[in-house]
Structure formats: structure tokens, C-alpha cells
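The block underneath contains the structure these notes are about, expressed in C-alpha cells.
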Amino acid sequence: MKQKQRIIFFGMVAVALILAACDGDSGNNSSETEGNNSSSGEISSSGGQVTSSSSDDFSSSGISSGSSSSSDFSSSANGSSSSAKTVSSSSSLVASSSSVVACSNTYGANTVTDCRDGQMYKTVTIGTQTWMAENLNYADSIAMPNLAGNSWCYENIADSCAKYGRLYTWTGAMNIASSYQSASASAVISTPQQGVCPSGWHIPTDDEWTTLETGVGGSGTAGTKLKSTGGWYDSGNGTDSYGFSALPAGYRYSYGSFYAGVHAYFWSATEYDADDAYSRYLYVGTASVYTGYSKAFAFSVRCVKD
């Protein structure tokens with residue numbers, strides 16, 4: 001009888017050890033599954049999975065890059081899945097948590113179509129540089145929060161944006177916080193600085209404006225050569241010798257007044273000091289291109305290709 005009890009006891013112990021080992025294997029399998037999911041670019045949110053068809057990877061706050069065939073968006077704090085929405089196509093991804101937009105612009109014969117909003121701009125190559133031959137008119141402050149309250153149509157009339165493009169504060173043009181209107185932004189400016197421009201384009205530096213002036217014969221005559229052949233006050237038009245087609249879009253002063261018809265002002269990405277940044281302007285009735293400095297205005301943006 002005791003012999004049978006010992007056999008039964010050892011049999012129960014053996015079963016218990018087998019069950020414990022199975023539980024351990026189950027935990028390991030669960031851990032491996034989670035690890036594999038993390039590296040496969042799957043996004044789990046509210047029990048669902050979204051797999052991106054794009055090959056773009058994003059590394060930003062709360063966004064970690066995944067494999068080359070998909071994007072893995074996970075929280076940098078705890079490794080859990082992010083609630084960021086993903087809009088995917090063969091050429092674009094939008095991560096709402098960081099307002100990162102990457103897409104492919106469409107190029108034609110001397111044109112570029114901004115993939116962010118579908119607007120087409122004429123382009124012109126002068127020397128070694130390719131410029132937009134129209135003022136930028138990008139206004140999506142949801143995709144680019146730094147634009148909120150930092151860009152306007154002339155006199156707040158939508159048709160003016162179709163004609164002149166938008167007027168941007170310096171920080172709006174640079175796509176940085178408004179606090180840098182009166183503080184040095186050297187720590188947050190890149191070279192090149194894409195700013196409000198489409199992907200593959202950037203805000204021109206002071207040196208790039210100088211290169212343009214030199215390429216058309218120098219600042220003393222560049223104004224006439226870069227102005228459009230129509231639209232300037234009192235027939236103060238230019239020859240538009242290179243197709244740059246600068247229109248007198250004017251500017252907006254910080255307290256809200258607008259001025260147009262006699263000036264064309266353009267931002268550069270280069271600061272002069274905490275309160276000032278270099279700009280360029282053309283004036284009716286004069287042949288030159290001039291250099292300005294103050295951040296207190298809203299000016300036009302001409303993007304230059306990377």
C-alpha cells in the first residue's frame with residue numbers, strides 16, 4: 001500500500017513539474033510574440049492593427065522607426081503602441097501626434113506641385129539655383145501648428161492669396177515657435193531650413209539671396225530684372241529678364257496694417273540678431289534689390305530647391 005502511495009505521489013509531482021514548465025514556455029512564447037510584433041511595423045490601437053504600405057521611417061518624439069517595409073509607431077516612454085493616426089499611400093505618411101508630413105511633390109516642365117495641398121508653382125533655374133517663380137501660399141495650421149496666427153492673405157481677402165501668395169511672420173516662415181520673434185533661434189535653425197516650404201525645398205539664406213543677385217548682374221540692377229512686367233504701381237514694372245516674376249505683394253505690419261503695390265519683400269533664413277532677420281525687398285521705380293532686417297513684419301516666401 002505504501003509502495004502504491006509513493007508511486008502516486010511521485011506521479012503527481014511529475015505532473016506538477018510538467019505543468020510548471022509549460023506555463024514558463026507559454027510566457028516565453030508570449031514575450032517572443034510581442035517582440036516580433038514590435039519589429040514588424042504593426043500598430044495596435046483599441047485592439048486593431050494598421051500596417052503601413054509605405055517604406056518611410058519616422059524618428060521623432062513618440063515615433064520610432066521600424067523595418068524598411070513598414071513604420072512602427074510606439075511610445076518612447078513605455079514601449080506601448082501610440083494612438084497616432086496613420087494615413088498611408090505609396091508616397092505619403094501623416095503622423096498626427098507630431099504633425100510630421102512626408103510626401104512626394106510632382107514636377108513638370110518648370111513647375112512643382114506641392115503634395116501637401118495640391119497647389120502648383122512655376123519654377124525657374126537661375127545659375128546653379130532653382131527657385132519658385134511664385135510666392136508660397138501654404139496655410140495648413142493643423143498640419144503645421146506654427147502657422148496658426150502667423151500667416152495672412154493681403155487685407156485678409158482670400159483672392160489676394162491667389163494673386164500674391166501669403167504673408168508670413170519670420171517664425172511662421174521658418175516653422176518655429178512664435179517666441180523666436182524676439183529671441184535668437186540659432187539653436188533650432190537647420191541648414192537648410194525647410195520651414196513652410198514643401199519637402200525638398202527650403203527658406204533661402206542671406207547668402208543664397210546674394211548668389212541670386214550676383215547671378216543676374218548684381219544688386220544694383222537686380223530689382224529691375226527680377227520684377228514682374230505688370231502689377232506694380234504707376235507702371236513701375238520690371239523686365240522680368242529671368243522669369244523670377246516678383247510681384248508687389250507688400251507686407252503686413254505687426255499691428256495689422258497691410259501695404260501692397262509698391263514693395264516686394266521676401267524672408268531669408270538668416271538671423272541678424274534676436275529681434276531681426278535678413279530679408280530682401282524690391283521697390284517701385286528703383287532698379288536695386290535691398291536688404292532689410294526687422295522681424296516685426298509679415299513678408300512673402302520664395303522657396304529655393306535643396
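Could you tell me whether any residue of the range 188-199 is in a loop (DSSP other than H, G, I, E, B), under 28 Å from Asp140 (Cα atoms), without any contact (Cβ under 8 Å) to a residue 40 or more places away in the chain and among the aliphatic types (A, V, I, L, M)?
Yes; the residues of the range 188-199 include at least one that is in a loop (DSSP other than H, G, I, E, B), under 28 Å from Asp140 (Cα atoms), without any contact (Cβ under 8 Å) to a residue 40 or more places away in the chain and among the aliphatic types (A, V, I, L, M).
Across the range 113-135, what is the number of residues that are surrounded by 15 or more Cβ atoms within 10 Å (Cβ to Cβ) and under 16 Å from the mean Cα position of the chain (by Cα)?
Count: 5.
Quick check on the range 231-245. Is at least one of its residues assigned to a strand (DSSP E or B) and modelled with pLDDT of 95 or more?
no
Applying the selection to the range 138-160, what residues are of a type outside the set (Gly, Ala, Ser), within 19 Å of Tyr255 (Cβ to Cβ) and either open to solvent by 20 Å² or more (accessible area, probe 1.4 Å) or over 17 Å from the mean Cα position of the chain (by Cα) (or both)?
Within the range 138-160, Trp152, Cys153, Tyr154, Glu155, Asn156, Ile157 meet the criteria.
Is it fair to say Ser182 is of a type in the set (Gly, Ala, Ser) and either open to solvent by less than 50 Å² (accessible area, probe 1.4 Å) or without any contact (Cβ under 8 Å) to a residue 12 or more places away in the chain (or both)?
No.
Take the residues in the range 239-273 that are free of Cβ contacts under 8 Å to residues at least 24 places away in the same chain and either within 25 Å of Tyr121 (Cβ to Cβ) or of a type in the set (A, V, I, L, M) (or both), then tell me which one is most open to solvent (accessible area, probe 1.4 Å).
Filtering first and then ranking leaves Tyr259.
If I ask for residues that are assigned to a strand (DSSP E or B) and open to solvent by less than 60 Å² (accessible area, probe 1.4 Å), which ones from the range 274-290 would you list?
Of everything in the range 274-290, those that are assigned to a strand (DSSP E or B) and open to solvent by less than 60 Å² (accessible area, probe 1.4 Å) turn out to be Asp276, Ala277, Tyr278, Ser279, Arg280, Tyr281, Leu282, Val289.
The values are calculated or read from the model by the stated rules, or taken from the named source; none is laboratory data. Since the structure is predicted, the reported quantities are computational estimates derived from the model, not experimental observations. Glycine gets a Cβ as well: all are built from the backbone with ideal geometry, and neighbour counts include every protein chain shown. Quick note on the areas: whole protein, heavy atoms, side chains included, nothing else; ligands and nucleic acids left out. Shrake-Rupley method; radii C 1.70, N 1.55, O 1.52, S 1.80 Å.
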